[in-house]
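> Handing you a structure now.
The values are calculated or read from the model by the stated rules, or taken from the named source; none is laboratory data. In this text the structure is predicted, and so the values were computed from the model without any measurement. With ligands, DNA and RNA removed, areas are computed over all heavy atoms of the protein, side chains included. Shrake-Rupley method; radii C 1.70, N 1.55, O 1.52, S 1.80 Å.
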Amino acid sequence: QVQLVESGGGLVQAGGSLRLSCAASGSIFSINAMGWYRQAPGKQRELVATISSLGTTNYADSVKGRFTIARDNAKNTVLLQMNSLKPEDTADYYCNAIVKIRFGSPYVNYWGQGTQVTVSS
């Protein structure tokens, strides 16, 4: 099995910064894309940012220029640096990884347990 463990959430004032980290462990042959999604109360989960195994990034329009995603393929980790945070960034943030557990097996979507980010005004 594969586990994704997130860390780095918390409470911050508007304009502040937080850095989220996610480490993938377990039976991992290779990881395709990794990313971050978020879900605010009463809303659907939405994409924040993704990064491919080659480093190609994709961001939601709402976070472009403020958030930066990066990954360390050797350590199977993905980071999300969040700057200039706004109250509307308040949500539970979930790490995602598309993982192949052995040669010849299909890629499977895995999720972390989520970490809460609260931005006060």
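> Hey, if we sort Asp61, Asp89 by accessible area with the 1.4 Å probe, largest down, what's the order?
Ranked list, largest accessible area first: Asp61, Asp89.
> Once phi is turned into θ = phi - 60°, what whole-Hz ³J(HN,Hα) does the Karplus curve with 6.51, -1.76 and 1.60 give for every residue of the range 2-11, x standing for Gly and Pro?
10, 10, 10, 10, 9, 8, x, x, x, 9
> Expressed in nm to one decimal, what extension gain is obtained for the pair Ser17 and Phe103 from 0.36 nm per residue of sequence separation less their Cα-Cα distance?
27.0 nm
> Right, next: In square angstrom, rounded to the nearest 10, how much accessible surface does Ser27 have for a 1.4 Å probe?
Result for Ser27: roughly 50 Å² accessible.
> Moving on. Could you pull the accessible area for Glu6 with a 1.4 Å probe, rounded to 10 Å²?
Accessible surface of Glu6 is approximately 10 Å².
> Moving on to the next point. If each residue of separation counts as 0.36 nm, what is the full-extension length gain between Ser52 and Ser30 once their alpha-carbon separation is subtracted?
6.7 nm
> Arrange the residues Arg71, Arg19 by how much accessible surface each exposes, largest first, with a 1.4 angstrom probe.
Ranked list, largest accessible area first: Arg19, Arg71.
> Based on the alpha carbons, how large is the Rg to Rh ratio for the chain when Rh follows Kirkwood?
0.98
> Moving on. Antiparallel as a % of all DSSP beta bridges within the chain, to the nearest 5?
Close to 90 percent.
> Another question about this same structure. Averaged per residue, what accessible area in Å² does the range 1-100 show with a 1.4 Å probe, protein chains only?
50
> Continuing with the same structure: Looking at the chain, how many pairs of lysines come closer than 22 Å at the Cα, when each pair is eight or more places apart or spans two chains?
The number of close lysine pairs in the chain is 4.
> Continuing with this model, one more query. Just want to confirm a number: the relative contact order over the range 11-55, from Cα pairs under 8 angstrom separated by 6+ residues, in percent.
Worked out over the range 11-55, it gives 30 percent.
> Right, another one. Along the range 107-121, what does the Karplus equation 6.51 cos²θ - 1.76 cosθ + 1.60 (θ = phi - 60°) give for ³J(HN,Hα), rounded to whole Hz, x for Gly and Pro?
6, 10, 7, 10, 10, x, 7, x, 9, 8, 10, 10, 10, 8, 8
> Would you work out what percent of the accessible area of the chain, with all protein chains in place, is carbon or sulfur (probe 1.4 Å)?
Here carbon and sulfur together make up 50 percent of the probe-accessible area.
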